[in-house]
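Taken together, the values in this text are just the output of simple stated rules run on the coordinates, not laboratory data. Because the structure is predicted, anything quoted here is derived from the model rather than measured. Cβ placement follows ideal geometry from the backbone for every residue including glycine, while neighbour counts extend to all protein chains displayed.
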Amino acid sequence: MASLFDRFMGRKEPSSAEIAKERLKLVLVTDRSNLSPEKLGEMQAEIIGVIKRYLNIEDTDVLIKYEQRDRKNYLVADISLNRDHNYAALEAPAAPGSVADDAVWEDAPESPADDAADAGAGTDADTPVDAAAKANADSPAEPD
Amino acid sequence: MGARVITVTSGKGGVGKTTATANLAVSLASLGKRVVCVDADIGLRNLDVVMGLENRIVYDLVDVVEGRCRLRQAMVKDKRVADLYLLPAAQTRDKTAVSPQDMIALTNQLRTDYDFILIDSPAGIEWGFRNALAPADEVIVITNPEAPAVRDADRIIGLIEAEERRIPTSLLINRAKPEMIRRGDMLSVNDVMEILSIRLLGVIPDDEMVLISTNRGMPLAMDNHRTPAAESFRNIARRLTGEKVPLELFDDNSGIFRRLLRRLGLVS
């Protein structure tokens with residue numbers, strides 16, 4: 001997950017309001033998903049492990065992002081494919097249960113508890129969102 | 001048609017629920033509506049002080065629930081504005097003296113005689129909040145443009161969304177400071193909306209007159225004050241009655257944010 005430093009890297013000195021906004025978005029990831037940052041990191045590592053069984057990529061080619069559209073929260077896997085590699089898996093027919101490059105998961109609710117039900121939480125994507133994700137979005141254009 | 005029961009809540013304490021409840025009640029009554037506001041903060045009575053009715057209390061909510069008096073006997077009529085009543089909280093009891101079922105029964109008794117029943121919820125997410133939420137047809141979530149308040153508002157909104165019945169929820173951003181927003185030292189209306197993503201009811205600017213009016217026991221909206229907060233409360237009351245009143249967003253002069261929010265369906 002991008003740290004606060006990463007988010008502001010290369011930009012001019014952020015205002016205190018911008019810092020507050022980014023901190024809020026980050027803390028709400030934990031609040032809304034009810035997963036600690038450690039658990040989120042574990043989940044991310046496992047997801048990358050599964051993807052690597054099907055695609056010949058590096059750990060750094062996968063970015064797990066949390067997005068929010070309206071009040072729905074999405075976990076998005078951004079998988080960059082290097083054209084020079086030969087991805088044998090892509091030529092074989094897709095096995096049942098395998099995921100497409102542009103997969104978007106909508107997490108099931110963690111538990112029927114009083115807490116907010118949705119797992120995974122959102123921040124606005126700094127990098128372009130997958131086309132499939134855009135096609136699945138309920139709402140019209142995202143605010144900048 | 002019966003009353004609209006609107007619960008005013010926030011999660012975080014001290015963001016302006018009681019002040020907003022009082023001023024919205026007065027504004028709605030000034031528009032000719034029949035209004036009763038209910039202080040649901042059992043044990044920490046406050047709505048009476050903000051409204052300046054603290055000397056007129058004989059019975060309270062718990063007396064009604066426990067059968068020591070009739071509902072009408074506990075309701076304090078505000079003599080300054082027509083058709084405005086207060087049902088005060090108990091000061092000396094703990095919050096479990098009242099249950100969600102009690103609140104539903106109580107508001108059902110009031111529905112036929114009033115246009116608006118405003119319930120001032122206590123802070124928090126436990127028993128008092130559950131009591132205040134039980135009879136609600138709608139909820140107004142109050143927040144301030146600062147991180148802890150927005151975080152707690154998010155939690156409250158999540159709890160409301162988790163309810164089995166659908167409860168329309170809108171946001172009131174209180175204590176906005178336009179100059180700090182312009183300087184980048186306060187979350188803007190747009191920032192808060194991006195995070196919370198519910199319908200925006202209105203924005204109240206920080207205004208010294210709010211404290212002064214609490215000191216006097218005369219809600220701002222009562223005196224035809226033209227200060228910014230009073231105007232905003234009046235506008236919100238008008239929006240609640242269905243009138244289309246343009247939103248004051250304070251952080252943009254070109255209207256871009258307003259158009260954007262309208263396009264997203266987040267603004268009335």
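Miscellaneous remarks
- Applying the criteria of a DSSP loop state and at most 10 other Cβ atoms within 10 Å to the trypsin sites (Lys or Arg not before Pro) of the stretch B:64-139 yields B:79.
- Distance distribution P(r), chain B, all Cα-Cα pairs, bin width 5 angstrom from 0: 1, 6, 14, 18, 20, 17, 12, 7, 3, 1, 0, 0 percent.
- Förster-model FRET efficiency, 51 Å R0, residue A:19 and residue B:44, C-beta, rounded to 0.05: 0.90
- Taking other C-beta atoms within 10 angstrom as a stand-in for reagent exposure, B:34, B:183 fall in the order B:183, B:34, fewest first.
- Amide H within-cut-off set for residue B:91, under 5 Å, with H built and near neighbours excluded: B:43
- Relative contact order of the stretch B:155-238: 27 percent, from C-alpha pairs under 8 Å at least 6 residues apart in sequence.
- 3J(HN,Hα) couplings calculated from phi for the stretch B:81-90 with the Karplus curve 6.51 cos²θ - 1.76 cosθ + 1.60 (θ = phi - 60°) are, in sequence order, 9, 5, 6, 10, 10, 10, 10, x, 7, 7 Hz; Gly and Pro show x.
- DSSP bridge pairs, chain B: antiparallel proportion in percent, nearest 5: 5
- Backbone N under 17 Å from the residue B:211 label point (7 Å along Cα→Cβ), restricted to the stretch B:222-238: B:228-230
- Database remark: amide H of residue B:204 closer than 5 angstrom to the amide H of B:173, B:174, B:175, B:176 (H placed geometrically; neighbours at sequence offset of 5 or more, or on other chains; Pro and chain starts carry no H).
- Cα gyration tensor shape for the stretch B:176-241, rounded if a/c is under 1.5, else prolate or oblate: oblate
- The stretch B:1-121: mean projected area of Cα convex hull, nm²: 7.0
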